[in-house]
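**Student:** My questions will all concern the structure given below.
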Amino acid sequence: MAELVTLVEGVRELVADGDSVALEGFTHLIPFAAGHELLRQRRRELELIRMTPDVLYDQMIGMGAARKLTFSYGGNPGVGSLHRFRDAIERGWPRPLEIEEHTHAGMANAYAAGAAAMPCALLRGYLGTDLMARTRAREVPCPFTGERLVAVPALNPDVAIVHAQEADRAGNVQLWGIPGVQKEALLAATRRLVTVERIVEELEPRAGAVVIPGWVIDCVAEVPGGSSPSYSHGITERDNDFYRAWDRISRDRARFAAWMEENVLGEVPAR
Amino acid sequence: MSAAATPGEIQTVVAARRLREARSVFIGVGRPSTAAILARRVHNPQLVLVYESGTVGAKPARIPLSIGDGELARTADFVVSVPEMFNYWIGAGRIEVAFLGAAQVDPYGNLNSTVIGDYEHPRVRLPGAGGAPEIAAACGQVIVIAPHTRRTFVERLDFCTTVGHGGGPGTRARLGFRGAGPTAVITDLGVLEPDPGSRRLILTAVHPGVVPDAVRRETGWELEVSADLRVTEPPSATELDALRELISR
């Protein structure tokens, strides 16, 4: 049974310096509030893992919290570049960033293998590309047909953090809308933190929803609006204007630092 | 009487026409998404729009900013997880047409969306592969949508993110790819298609007012011009009005 905690307690209890941490969310339900709490608690030397490192990881990379990034697409969707991500890779600012990159199919399957406690995943992909020589992927023949396949190693983060719409008091979690790869990331991880829009007395069954039982989750924290400026389907709306504004805020190092100080670090956590 | 179509509008209209007969199309954000939504409105109301965020059969009334906007999920026939999207729908070859963009396109329709310059010390770090390599391997056919400049159309890619026709005939079969690969590259100047023999891209259509030499000037290799070079049919009033109305929302 998951423990109901505050966000401050959950991050303090589950995330240590140097951990590999997956804050997942595929354009939807991105755990912004939890990522910001990691920054306020000054977690360092993290290996950040996420298929689509967007604005949240841009902020964490720009603050120097990450030693390594494992990812498959690093852009601000529909807007353009992630300037802090680019600055770290192109110019090593504020520190050099080691990268391991995959394709979406490779990373989704690596999480699924991690969730299944398998050592690797098999897929058709990577073959013929320059990525093969630059990442952890190996060509293997199918043992039955001889077909050329590719294996990628399972992803098993030390910690997975996801945001969902609701949980009950036993920490059973329900999320709906675009499910992304959050269930796989949680099940693949050693420690698991879920932030939710609301705690309810009883989860109301919903067709098509993903339910994750409290007995595979360590901590659940109620954080209304915890995915903003991303969104929680049916509860909050995606703040597209902020994603556009981020392009200007993040372009300049000083403006970025000032924005983070004012909006993330300086904010007294009320929870 | 509306203003004449811009090159970008012609590009979008031409891309939309390619979806007249298609059952399903895979799309990213930007011009591909606009073209596919336009196709549903003017050519093919049954067209199934598939976004990699997991929304299948989305019916957006407006152009979404991200592939995961709430409207896509709200209007979809169904929504799946990312592993299901890539394994059951894309990987298994269930999507007919894929629209892809890229920072660089080479003569065989191979694509770079990873780095400009050296991988270890890139001049420009681009977003990376995303879903493109497996989409291009498995979808029925690929249509590349890109701006026509020498920066984009290069003899050699700085990094091969996504295989189109590889090194020529036989590459795709050797790699076990099941889709047909790039069947067209639609730009703001014209349309390139692979030569059936060599698989190299040749110029098969120019948009109204564009001469072949202008296209060759903006292409970083010796671009061959098809003997049956066509001139793109200008956008109809219906197409243009629908496109402009869509963008104004």
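A quick yes/no check of all residues on (1) over 23 Å from A:GLY80 (Cβ atoms); (2) within 9 Å of chain A (Cβ to nearest Cβ); (3) in contact with a Lys or Arg (Cβ under 9 Å, 6 or more places away or on another chain):
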position: B:PHE26; (1), (2), (3): no, no, no
position: B:VAL29; (1), (2), (3): no, yes, no
position: B:ALA35; (1), (2), (3): no, no, yes
position: B:ARG40; (1), (2), (3): yes, no, yes
position: B:ASN44; (1), (2), (3): yes, no, yes
position: B:ASP77; (1), (2), (3): yes, no, yes
position: B:PHE86; (1), (2), (3): yes, yes, no
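**Student:** Looking at B:GLU120 and the list (1) crowded, with 24+ Cβ neighbours inside 10 Å; (2) within 10 Å of another protein chain (Cβ to nearest Cβ); (3) assigned to a loop (DSSP other than H, G, I, E, B), which single condition is not satisfied?
**Tutor:** (1)
**Student:** Follow-up question, since we're still on this one. Hey, can you tell me all the residues within the stretch A:182-196 that are out of contact with any Asp or Glu (no Cβ under 6 Å at 6 or more places or on another chain) and either within 14 Å of chain B (Cβ to nearest Cβ) or not in a loop (DSSP other than H, G, I, E, B) (or both)?
**Tutor:** A:LYS183, A:GLU184, A:LEU186, A:LEU187, A:ALA188, A:LEU193, A:VAL194, A:THR195
**Student:** Return yes when B:SER33 is buried (at least 17 other Cβ atoms within 10 Å of the Cβ) and either small (Gly, Ala, Ser) or modelled with pLDDT under 95 (or both) and no when it is not.
**Tutor:** Criteria met by B:SER33.
**Student:** Whether any residue in the stretch A:42-55 is more than 9 Å from chain B (Cβ to nearest Cβ), within 20 Å of A:LEU175 (Cβ to Cβ) and surrounded by 23 or more Cβ atoms within 10 Å (Cβ to Cβ) is what I want to check.
**Tutor:** Yes: one or more hits.
**Student:** For the stretch A:114-123, indicate whether the set of residues that are touching a strand residue (DSSP E or B) at 6+ places or on another chain (Cβ under 9 Å), touching a residue at least 24 places away in the same chain (Cβ under 8 Å) and at the interface with another protein chain (Cβ under 10 Å from one of its Cβ atoms) is non-empty.
**Tutor:** Yes, because at least one residue in the stretch A:114-123 is touching a strand residue (DSSP E or B) at 6+ places or on another chain (Cβ under 9 Å), touching a residue at least 24 places away in the same chain (Cβ under 8 Å) and at the interface with another protein chain (Cβ under 10 Å from one of its Cβ atoms).
**Student:** Residues of the stretch B:175-211 being modelled with pLDDT under 95 and not in a loop (DSSP other than H, G, I, E, B), which ones?
**Tutor:** Across the stretch B:175-211, there are no qualifying residues.
Matching residues to (1) outside any loop (DSSP other than H, G, I, E, B); (2) among the charged types (D, E, K, R); (3) within 20 Å of the chain's Cα centre (by Cα):
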residue	(1), (2), (3)
A:ARG43	no, yes, yes
A:MET51	no, no, yes
A:GLY74	no, no, yes
A:ALA105	yes, no, yes
A:GLY125	no, no, no
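**Student:** A further question follows. Return the residues of the stretch A:37-59 that are within 23 Å of A:THR135 (Cα to Cα) and not β-branched (Val, Ile, Thr); say none if nothing qualifies.
**Tutor:** Those that are within 23 Å of A:THR135 (Cα to Cα) and not β-branched (Val, Ile, Thr): A:GLU45, A:LEU46, A:GLU47, A:LEU48, A:ARG50, A:MET51, A:PRO53, A:ASP54, A:TYR57, A:ASP58.
**Student:** To continue, here is another question. Looking at A:GLY92, A:GLY80, A:GLY62, A:GLY146, can you tell me which residue is crowded, with 23+ Cβ neighbours inside 10 Å and either within 13 Å of chain B (Cβ to nearest Cβ) or touching a residue at least 12 places away in the same chain (Cβ under 8 Å) (or both)?
**Tutor:** Result of the check over A:GLY92, A:GLY80, A:GLY62, A:GLY146: A:GLY62.
**Student:** Could you say which residue among A:GLY180, A:GLY208 is modelled with pLDDT of 95 or more and out of contact with any strand residue (DSSP E or B) (no Cβ under 6 Å at 6 or more places or on another chain)?
**Tutor:** Just a single option satisfies the conditions, and that option is A:GLY180.
**Student:** Which residue, of B:SER24, B:SER33, B:SER66, is in contact with an Asp or Glu (Cβ under 6 Å, 6 or more places away or on another chain) and either within 24 Å of A:ILE178 (Cα to Cα) or of a type outside the set (Gly, Ala, Ser) (or both)?
**Tutor:** B:SER24
**Student:** OK, next. Across the stretch B:123-155, what is the number of residues that are in contact (Cβ under 8 Å) with a residue 60 or more places away in the chain, touching a helix residue (DSSP H, G or I) at 6+ places or on another chain (Cβ under 9 Å) and assigned to a loop (DSSP other than H, G, I, E, B)?
**Tutor:** Matching residues across the stretch B:123-155 total 5.
**Student:** Given (1) modelled with pLDDT of 95 or more; (2) in contact with a strand residue (DSSP E or B) (Cβ under 8 Å, 6 or more places away or on another chain); (3) surrounded by 21 or more Cβ atoms within 10 Å (Cβ to Cβ), where does B:PRO83 come up short, assuming only one miss?
**Tutor:** Single failed check for B:PRO83: (2).
**Student:** If you don't mind, there's one more thing I want to ask. Being assigned to a helix (DSSP H, G or I) and basic (Lys, Arg) is the requirement here; does A:ARG95 meet it?
**Tutor:** No: the conditions fail for A:ARG95.
**Student:** Name every residue in the stretch A:19-66 that is modelled with pLDDT under 95 and either β-branched (Val, Ile, Thr) or not assigned by TED's automatic domain parsing to the domain that holds A:PRO229 (or both), in order of residue number.
**Tutor:** The answer is A:THR27, and nothing else.
**Student:** Could you tell me which of the residues A:LEU14, A:LEU69 is at pLDDT 95 or above and over 13 Å from the mean Cα position of the chain (by Cα)?
**Tutor:** A:LEU14
**Student:** Determine whether A:ASP87 is crowded, with 20+ Cβ neighbours inside 10 Å, farther than 30 Å from A:THR236 by Cα and in the same structural domain as A:PHE256 (by TED's automatic domain parsing).
**Tutor:** yes
**Student:** Okay, next question. Looking only at the stretch B:1-25, count every residue that is of a type outside the set (A, V, I, L, M) and modelled with pLDDT under 95 and tell me the total.
**Tutor:** Total meeting the criteria: 1.
**Student:** Here's a follow-up. Determine whether B:ARG199 is surrounded by 14 or more Cβ atoms within 10 Å (Cβ to Cβ), closer than 23 Å to B:GLY170 by Cβ and of a type in the set (Lys, Arg).
**Tutor:** In short, yes.
**Student:** Restricting attention to the stretch B:1-20, which residues are part of a loop (DSSP other than H, G, I, E, B) and over 19 Å from B:HIS43 (Cβ atoms)?
**Tutor:** B:MET1, B:SER2, B:ALA3, B:ALA4, B:THR6
**Student:** Can you confirm whether the stretch B:67-78 contains a residue that is farther than 21 Å from A:GLY78 by Cβ, of a type outside the set (D, E, K, R) and either in contact with a Ser or Thr (Cβ under 8 Å, 6 or more places away or on another chain) or surrounded by fewer than 22 Cβ atoms within 10 Å (Cβ to Cβ) (or both)?
**Tutor:** Yes; the residues of the stretch B:67-78 include at least one that is farther than 21 Å from A:GLY78 by Cβ, of a type outside the set (D, E, K, R) and either in contact with a Ser or Thr (Cβ under 8 Å, 6 or more places away or on another chain) or surrounded by fewer than 22 Cβ atoms within 10 Å (Cβ to Cβ) (or both).
The values are calculated or read from the model by the stated rules, or taken from the named source; none is laboratory data. Since the model is a prediction, treat every value here as computed from it, not as a measurement. Please note: Cβ atoms are built from the backbone with ideal geometry, for glycine as well, and neighbour counts cover all protein chains shown.
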